[in-house]
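The values are calculated or read from the model by the stated rules, or taken from the named source; none is laboratory data. Keep in mind it's a predicted model, so treat the numbers as computed, not measured. Note that each Cβ is placed from the backbone with ideal geometry, even for glycine, and that neighbours are counted across all protein chains shown.
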Amino acid sequence: MSFANPSYLFLLLLLVPYVVWYVLRWRRSHPVLQVSSTEAFRFSRHTWKEYLLHLPFLLRLTCLTLVLLALARPQTTNDWKQTDVEGIDIMLCMDVSTSMLAEDLRPNRVKAAREVAIEFISGRPNDNIGLTLFAGEAFTQCPMTVDHAVLVNMLQGMQCDMTAKGMIEDGTAIGMGLASAVARLKDSKAKSKVVILLTDGSNNRGDISPLTAAEIAKSFGIRVYTIGVGTNGLARYPMPVAGGVQYIQVPVEIDQKTLQSIAQKTDGEFYRAKDTKGLHEVYQQIDKLEKTKLNVKKFSKRYEAFMPFALGALLALLLELLLRVTLLKRIP
């Protein structure tokens, strides 16, 4: 916590002579009652009010202290802070073509991939992580960031209906997706740069072939971990029909050879996830990647924090006045 008007804090020194004045005044102002003998009061007990005689003064002292602190305008800090953390730079490159709606993973491929990716992100709080989506085209959904709340929010909005809405062309442009992710990583200063590429099909769109994109990744020292998601054989797929949805069986066509070549060229690994449990295990293995130091900027917002001090001063003042006119009322 910082103070916008710290000069007001010097006024707290005035409380010292105020305390001295009160002590001297108290010693000289004891009431005196002349009696013939004090024998009757020898064994009298002190009442609880005697222990509270100085409480109003302490409450006033507290009130003045809190008022001066409020006048000094306490505030939260508002600056950029440079911090060094352990982490790596990662781009998640995820297929959102309509084939990802197949339900061989529960509840379907795209939702399973989204949930497992969110769990992976939450376990790596110090990493720079970004998100690239691709179908027949590719685009960056979220640049690399350590603000994982924003990334997770973007990831939760990942749907396969972008092609139906005309936002991107349907298909599977693996090369374009990988190239887009590499473009985000190529200028990174991190020692370890990784792309996690997840798809359920084979490349059938785009101007860049997957192996060409892999060569580009290799030239920038980027390792690519490829994941082929989907069962063997046939998968249950929801086909929209008039008035509802009809489920059909579609063949699972994953180009394992290409995905293996991409991983091999970039010193990565190829994984096959046939169900949701298998996908969890894949991300757990990738989670064991090496770490390197990153320089991160963090921003904290400034706001006025005088209100608790002002309320405390008001409460102390009201309590003092209440005691002076009730329990500790003095008669001159």
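Looking only at the range 257-289, how many residues end up being in a helix (DSSP H, G or I) and over 29 Å from the mean Cα position of the chain (by Cα)?
Adding up the residues that qualify gives 9.
Being surrounded by fewer than 15 Cβ atoms within 10 Å (Cβ to Cβ) and either within 15 Å of residue 1 (Cβ to Cβ) or over 42 Å from the mean Cα position of the chain (by Cα) (or both) is the filter here, so list the residues in the range 311-322 that pass it.
Matches in the range 311-322: 321, 322.
Among the residues of the range 117-128, write down those that are buried (at least 22 other Cβ atoms within 10 Å of the Cβ) and either modelled with pLDDT of 95 or more or assigned to a helix (DSSP H, G or I) (or both).
Once the filter is applied, which keeps residues that are buried (at least 22 other Cβ atoms within 10 Å of the Cβ) and either modelled with pLDDT of 95 or more or assigned to a helix (DSSP H, G or I) (or both), the range 117-128 yields only 117.
In the range 229-247, what residues are farther than 30 Å from residue 216 by Cβ, surrounded by 12 or more Cβ atoms within 10 Å (Cβ to Cβ) and among the β-branched types (Val, Ile, Thr)?
The answer is 231, and nothing else.
From the list 266, 226, pick out the single residue that is closer than 15 Å to residue 133 by Cα and either at pLDDT below 95 or buried (at least 23 other Cβ atoms within 10 Å of the Cβ) (or both).
When all the criteria are applied, what remains is 226.
When you go through (1) in contact with a strand residue (DSSP E or B) (Cβ under 9 Å, 6 or more places away or on another chain); (2) at positive phi one by one for residue 240, which number turns out not to apply?
If we test residue 240 against (1) in contact with a strand residue (DSSP E or B) (Cβ under 9 Å, 6 or more places away or on another chain); (2) at positive phi, just (2) comes out false.
What is the number of the single condition among (1) over 36 Å from the mean Cα position of the chain (by Cα); (2) within 26 Å of residue 281 (Cβ to Cβ); (3) part of a strand (DSSP E or B) that residue 245 does not meet?
Condition not satisfied by residue 245: (2).
Could you please find all residues in the range 160-180 being surrounded by fewer than 17 Cβ atoms within 10 Å (Cβ to Cβ), out of contact with any Lys or Arg (no Cβ under 9 Å at 6 or more places or on another chain), closer than 22 Å to residue 202 by Cα and of a type outside the set (Gly, Ala, Ser)?
The answer is 161, 167.
Of the residues 217, 183, which is at pLDDT 95 or above, surrounded by 15 or more Cβ atoms within 10 Å (Cβ to Cβ) and in contact with a Leu (Cβ under 7 Å, 6 or more places away or on another chain)?
217
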